[in-house]
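Here's the structure, in structure tokens; my notes come after.
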């Protein structure tokens, strides 16, 4: 026995976790995959083309869509005051930090946008060569950058919490979203050219006309939702602006007994 050969047996490909634990982990993983698929399906049913925007060829959920989704899933959030940063060359940036909660889970998310983004560039009139000179950062509307940072935060927070970031156009098509109607950010020379939507001045004019015709806030919102398929006047398409103003300019008919 003293001369007996000692053989060390090394088990090959033996998992570090016991088989029953692996099965449990795999089972949980499959359930989570199924849950994410269901969440994606619900999100796509809740939203429409106006709730998405195309940036660099990829679809991103806008604040309007995020808020629809949040109401259904019971997501709540708390947002800190925006932080303003001065950058080189007269540029600036806004950033928001938010805390998004679903059930007992809370995550932090950040939304930030800078005036350096080509989306916000502004140009002067064409010169003799037909070219437009880029205007200085001081001409960029700080409110536009601030709103974009907020939208970025809402989209980031909700999609991260639900685990549905980086949805593809194929998935949107499967969800019956008309992707051809999604606004594309092409970094044009004006807000209308960039987004296809009306300017803030046009939005205010539309609202003033409607109020002057006797429409209440609820009636204006109902018109936008039922006729234009949007939740806010910020999303009115430039191509439908005249149509919207025509409706707004039509005097509201009062019901019998309703006060003037």
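Numerical summary
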| item | result |
| --- | --- |
| Among 163, 74, 175, residue whose mean-square fluctuation peaks in a GNM of the chain (springs only between Cα atoms under 10 Å) | 74 |
| Anisotropy class of the range 49-136 from Cα gyration tensor, a/c 1.5 cut | oblate |
| Gaussian network model of the chain, Cα within-10 Å springs - most flexible of 146, 131, 116 | 131 |
| In degrees, nearest ten, helix 200-212 long axis to first principal axis of the chain (Cα) | 60 degrees |
| Residue-span extension gain [residue 67 to residue 147] - 0.36 nm each, minus C-alpha spacing | 27.3 nm |
| With Cα atoms, 0 to 90° folded angle of helix 142-162 axis to the chain main axis | 30 degrees |
| Computed helical MRE - 222 nm, the chain, DSSP H runs ≥ 4 contributing -39500 (n - 2.57), nearest 500 | -12000 deg cm²/dmol |
| Residues in the range 53-91 that a label on residue 138 would reach, taking backbone N under 16 Å of a point 7 Å out along Cα→Cβ | 87-91 |
| 241, 84 arranged by Cβ crowding within 10 Å, fewest neighbours leading | 84, 241 |
| Angle between the chain longest axis and helix 63-73 axis [Cα atoms, degrees, rounded to 10] | 50 degrees |
| Overall form of the range 37-186 per C-alpha gyration tensor (a/c, 1.5; a/b vs b/c) | oblate |
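Here, each number is a calculation from the coordinates, and none is a lab measurement. Just so it is clear, the structure is predicted and the values come from calculations on it, not from any experiment. Glycine gets a Cβ as well: all are built from the backbone with ideal geometry, and neighbour counts include every protein chain shown.
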